[in-house]
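Q: Sharing a structure here in C-alpha cells format.
The values are calculated or read from the model by the stated rules, or taken from the named source; none is laboratory data. Keep in mind that this is a model prediction, so the values were computed, not measured. No Cβ is skipped: glycine too gets one built from the backbone with ideal geometry, and neighbour counts run over all protein chains shown. All accessible areas refer to the heavy atoms of the entire protein, side chains included, with ligands and DNA or RNA removed. Shrake-Rupley method; radii C 1.70, N 1.55, O 1.52, S 1.80 Å.
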Amino acid sequence: MSILSNIKNYLKKKLRDKGYKFNKIGPYSIFDFESFLYRHLKTHKKMSFIQIGANDGVMNDPIYKFNFENKDHVNGYVLEPLPDIFEKLKENYKDCKNIVPCNVAIHNTESEMILHRVSPSLENKVPNFAKGIASFDKNHWKKTSLVNDENLMEEINVKCVKFSDFIKSKNIRSLDLLIIDTEGYDYEIIMSIDFEILKPNIIRFEHGLRNNLMTNKKFSKICKYLNSFGYQIITESYDATAYIIDHKVLYI
C-alpha cells in the first residue's frame, strides 16, 4: 500500500471517529446511505441486520464495506439462494464471525422456486454487474436490458422460506436494518411483513421504477403501508430507504 493510501485511510478513520467522512459527490448524490448507517451505529453502538439477496456480498453491495469496518459491532444474516454465488458469499464474509450466510431465498408461498440468471459459462458475454444476478421473473432481463439473448439464460431451482418463518427460526425479535434486493420481488416481501411482530428501524429496498421492476401503483402502496407504521421514506433513482425517526439521533 502506498504512503498516500496510508495517509488517506488514516484521515478517513480520524474523521469517521468524529462523525465525518470523505465522500465523492456525483451528479445525483442526494442521500448517503452509508453515512445514515454510521449515524445509527454511533448512537446505538451496534447494528443487527438481515440482507435478502446478498449475491456474493461484494458486487454492488451497499453494506459490505460498512460491515467489514465495523465487524465487531455488526451482526446479522446474509441470504443468497444460488449455490455457486453462496460459496463466494461465505468466502467473502469468512472473517466476520457475527455475520451468518444462509443459502435460501425468501418467498411468500413456495418452498422451492425457479430463479432465472445468466449461465455462469456465458458470463463473459454480459456486463460485470449482470453476473450472478437472478430473478423469479423470467422477463426481468428484458425489463432491465442487461441481456438481449435468451440463450444466455438458465433456470435453477432454489430453496425458499417465508420471511416470517425465517425470523422465527432465528429467534429474531428486533432488527436495526432490513435490506432487500431481489430483482423484482421486493414489493411482495415488504407487503408480507407483519410489523406488529418485527419492526426494523431501517428498511432499504429496490423499487427499480425506471425499469418497471415495480409499478408506480405498487410503489405507492408500499409507501402508504410503511407510512401507516410510522416510517419516513427517502427515494433515490433506483432504491428507497424507509426509517423510523430515531429521537436519540436528533439530539446528538
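Q: Of all residues in segment 118-145, how many are without any contact (Cβ under 8 Å) to a residue 40 or more places away in the chain, part of a loop (DSSP other than H, G, I, E, B) and either closer than 25 Å to Val78 by Cα or basic (Lys, Arg) (or both)?
A: 3
Q: Take Phe166 and tell me if it is modelled with pLDDT under 95, of a type outside the set (A, V, I, L, M) and part of a helix (DSSP H, G or I). Let's see the steps before the verdict.
A: Numbers: modelled with pLDDT under 95: no; of a type outside the set (A, V, I, L, M): yes; part of a helix (DSSP H, G or I): yes.
In short, no.
Q: For segment 37-69, name all the residues that are more than 19 Å from Arg173 (Cα to Cα), in contact (Cβ under 8 Å) with a residue 60 or more places away in the chain and not in a loop (DSSP other than H, G, I, E, B).
A: Across segment 37-69, the qualifying residues are Leu37, Arg39, Lys42, Thr43.
Q: Can you tell me which of Asp246, Asp194, Asp181, Asp239 is more than 26 Å from Arg39 (Cβ to Cβ) and either hydrophobic (A, V, I, L, M, F, W, C) or open to solvent by 20 Å² or more (accessible area, probe 1.4 Å) (or both)?
A: On the way: Asp246 fails: more than 26 Å from Arg39 (Cβ to Cβ); Asp181 fails: more than 26 Å from Arg39 (Cβ to Cβ); Asp239 fails: more than 26 Å from Arg39 (Cβ to Cβ).
One residue alone meets the criteria, Asp194.
Q: Out of Lys94, Lys88, which single residue is outside any strand (DSSP E or B) and free of Cβ contacts under 8 Å to residues at least 12 places away in the same chain? Spell out the reasoning first.
A: Details: Lys88 fails: free of Cβ contacts under 8 Å to residues at least 12 places away in the same chain.
Every option except Lys94 fails the conditions.
Q: If a residue must be closer than 22 Å to Phe33 by Cα, assigned to a loop (DSSP other than H, G, I, E, B) and out of contact with any Gly (no Cβ under 6 Å at 6 or more places or on another chain), how many such residues does segment 199-213 contain?
A: Counting residues in segment 199-213 that are closer than 22 Å to Phe33 by Cα, assigned to a loop (DSSP other than H, G, I, E, B) and out of contact with any Gly (no Cβ under 6 Å at 6 or more places or on another chain) gives 5.
Q: If you go through segment 146-163 one residue at a time, how many are assigned to a loop (DSSP other than H, G, I, E, B), over 29 Å from Ile193 (Cα atoms) and open to solvent by 20 Å² or more (accessible area, probe 1.4 Å)? It would help to see each step written out before you state the result.
A: From segment 146-163, those assigned to a loop (DSSP other than H, G, I, E, B) are 146-149, 162; that's our starting set.
Checking which are over 29 Å from Ile193 (Cα atoms) leaves us with 146-149.
With the extra rule that they be open to solvent by 20 Å² or more (accessible area, probe 1.4 Å), the set shrinks to 146, 148-149.
Qualifying residue count for the region: 3.
Q: With respect to Lys88, is the statement that it is charged (D, E, K, R), within 20 Å of the chain's Cα centre (by Cα), under 24 Å from Glu34 (Cα atoms) and surrounded by fewer than 18 Cβ atoms within 10 Å (Cβ to Cβ) true?
A: Working: charged (D, E, K, R): yes; within 20 Å of the chain's Cα centre (by Cα): yes; under 24 Å from Glu34 (Cα atoms): yes; surrounded by fewer than 18 Cβ atoms within 10 Å (Cβ to Cβ): no.
No, not satisfied.
Q: Asn171: farther than 30 Å from Phe195 by Cβ, at pLDDT 85 or above and either open to solvent by 20 Å² or more (accessible area, probe 1.4 Å) or assigned to a strand (DSSP E or B) (or both), yes or no? Quick ask: steps written out before the conclusion?
A: Values: farther than 30 Å from Phe195 by Cβ: no; at pLDDT 85 or above: yes; either open to solvent by 20 Å² or more (accessible area, probe 1.4 Å) or assigned to a strand (DSSP E or B) (or both): yes.
When the stated conditions are applied, Asn171 does not pass them.
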